[in-house]
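Here the structure comes first, spelled out in structure tokens, and everything after it is commentary.
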Amino acid sequence: MNCGIYRTEAGSIVEITGKHCGVVSVDFDWFEEGGCCDCVPEPYPEEDLLVWNCVLCGGGSAKLFKEIL
């Protein structure tokens, strides 16, 4: 993915910054995404998806949309 800010429909945010887009921060809203508090989001999106893993609820994924400023 390119540098920028991406959001899911449920409101989680992935921000990719840095000189070579190597800095990633994730603001994951586990409740709105339908996960549980033990979910761990992957820091690097896969194919425009925010993916989270969890042994309790099975994890999940959500489509990311680039925010246009």
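The values are calculated or read from the model by the stated rules, or taken from the named source; none is laboratory data. Computed from a predicted model, the values in this text were never measured in an experiment. Every residue, glycine among them, receives a Cβ derived from its backbone with ideal geometry; neighbour counts consider all protein chains shown. We work out accessible area using only protein heavy atoms, side chains counted, and drop any ligands, DNA or RNA first. Shrake-Rupley method; radii C 1.70, N 1.55, O 1.52, S 1.80 Å.
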Problem - Accessible surface, the chain, averaged per residue in Å² (probe 1.4 Å) - result: 66 Å²
Practice task
Could you check the simple spin-label distance between residue 17 and residue 54, using points 7 Å along Cα→Cβ, in nm with one decimal?
Solution key: 2.8 nm
Problem - Selection from 16, 54, 28 lying farthest towards where the dipole of the chain points positive, charges on Cβ - result: 16
Completion exercise
Label model pair residue 2, residue 63: point-to-point distance (7 angstrom along the Cα→beta-carbon line) in nm is 1.9 nm
Exercise for the section: Name the residue, out of 51, 23, 14, whose mean-square fluctuation peaks in a Gaussian network model built on the chain with Cα pairs under 10 Å. Expected result: 23
Fill in the blank from the handout: Candidates for Rg and Dmax of the Cα atoms in Å are (1) 11.1, 34; (2) 13.5, 48; (3) 11.7, 37, and the calculated one carries label (3)
Exercise for the section: Mind putting a number on the dipole of the chain about its Cα centre? Charges go on the C-beta only, +1 for Lys and Arg and -1 for Asp and Glu, and I need it in Debye to the nearest 20. Expected result: 240 debye
Handout entry: Simple label model, 7 Å out from Cα along Cβ direction - residue 10 to residue 32, nm
Key = 1.0 nm
